[in-house]
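One structure is given here, and the rest of the page talks about it.
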Amino acid sequence: MGFDLSGLAGLLNMGPPVGESWFAQTESIIGFAPQKPSAKRPIILRHWPSSGAIAYVFARTSSLDRVELLNPGHDHRDEWPKCWLHDDGSIVVSRPLPVPKDALDETHRLCSDDDGSTIDAVMKARWQTK
């Protein structure tokens with residue numbers, strides 16, 4: 001029985017790379033826009049605790065009316081064929097969202113961000129709620 005690196009990381013409870021791992025999950029799980037429960041929302045991982053079942057993510061929105069953190073459109077389809085983040089968007093870093101870690105699996109993985117300024121800003125953003 002073989003494991004890929006993500007499977008091994010999950011087994012060791014290490015999780016995917018923080019600050020750069022993008023997923024798509026339904027609003028019913030994320031809770032960013034609960035009025036659209038079946039809509040898919042892109043989210044970026046901010047915190048993966050070594051214990052416990054909850055990780056923290058930030059939502060990405062295509063609305064550029066109030067930009068908190070600009071995330072340039074992604075152009076890495078060859079490496080990440082499931083990524084659909086082609087247009088510029090905004091990451092809402094003011095609102096960390098708790099998400100079950102098991103909702104952030106390879107099935108829901110979109111890509112890894114390759115924009116260094118995005119990764120740095122996500123890592124500097126606060127993830128804990130009060």
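Quick one: which residue in Leu104, Leu110 is of a type outside the set (S, T, N, Q), in contact with a Lys or Arg (Cβ under 7 Å, 6 or more places away or on another chain) and closer than 20 Å to Pro16 by Cα?
Leu110
Scan (1) among the β-branched types (Val, Ile, Thr); (2) open to solvent by less than 30 Å² (accessible area, probe 1.4 Å); (3) over 18 Å from Asp120 (Cα atoms) for the single condition Ile54 breaks and write down its number.
(2)
Could you go through the range 1-9 and let me know if any residue there is modelled with pLDDT under 95, over 14 Å from Val122 (Cα atoms), assigned by the TED database to the domain that holds Ile91 and surrounded by 12 or more Cβ atoms within 10 Å (Cβ to Cβ).
Pass one, the range 1-9, residues modelled with pLDDT under 95: 1-9.
Filter once more, keeping what is over 14 Å from Val122 (Cα atoms): 1-9.
Keeping just the survivors that are assigned by the TED database to the domain that holds Ile91 gives none.
No, the range 1-9 has no match at all.
State all residues of the range 79-122 that are out of contact with any strand residue (DSSP E or B) (no Cβ under 8 Å at 6 or more places or on another chain), under 23 Å from Ile54 (Cα atoms) and not in a strand (DSSP E or B); if no residue qualifies, say none.
Initial filter on the range 79-122 (out of contact with any strand residue (DSSP E or B) (no Cβ under 8 Å at 6 or more places or on another chain)): 81, 86-87, 94, 102, 105-107, 114, 116-117, 119-120.
Right, trim to under 23 Å from Ile54 (Cα atoms) and you get 94, 102, 105-107, 119-120.
Hits for the range 79-122 are Asp102, Asp105, Glu106, Thr107, Ile119, Asp120.
Of the residues Pro37, Pro16, which single one is open to solvent by 30 Å² or more (accessible area, probe 1.4 Å), assigned to a loop (DSSP other than H, G, I, E, B) and either at pLDDT 95 or above or in contact with a helix residue (DSSP H, G or I) (Cβ under 7 Å, 6 or more places away or on another chain) (or both)? Walk me through it before giving the result.
Values: Pro16 fails: open to solvent by 30 Å² or more (accessible area, probe 1.4 Å).
Just one listed residue meets the conditions, Pro37.
As an exercise: evaluate Ser117 against (1) among the polar types (S, T, N, Q); (2) farther than 19 Å from Ala39 by Cα; (3) within 15 Å of the chain's Cα centre (by Cα) and give the number of the one condition it does not meet.
Single failed check for Ser117: (3).
Since Ser112 meets every condition but one in (1) open to solvent by 80 Å² or more (accessible area, probe 1.4 Å); (2) within 11 Å of the chain's Cα centre (by Cα), which condition does it not meet?
Failed condition: (1).
Within the range 53-73, which residues are without any contact (Cβ under 8 Å) to a residue 40 or more places away in the chain and not hydrophobic (A, V, I, L, M, F, W, C)?
If the condition is that a residue be without any contact (Cβ under 8 Å) to a residue 40 or more places away in the chain and not hydrophobic (A, V, I, L, M, F, W, C), then Arg60, Thr61, Ser62, Ser63, Asp65, Arg66, Glu68, Gly73 are the ones that fit.
The values are calculated or read from the model by the stated rules, or taken from the named source; none is laboratory data. In this text, all values refer to a predicted model and were calculated from it rather than measured experimentally. With ideal geometry, Cβ positions are generated from the backbone for all residues, glycine too; neighbour counts draw on all protein chains shown. Surface areas here come from the heavy atoms of the whole protein model, side chains and all, with no ligands, DNA or RNA. Shrake-Rupley method; radii C 1.70, N 1.55, O 1.52, S 1.80 Å.
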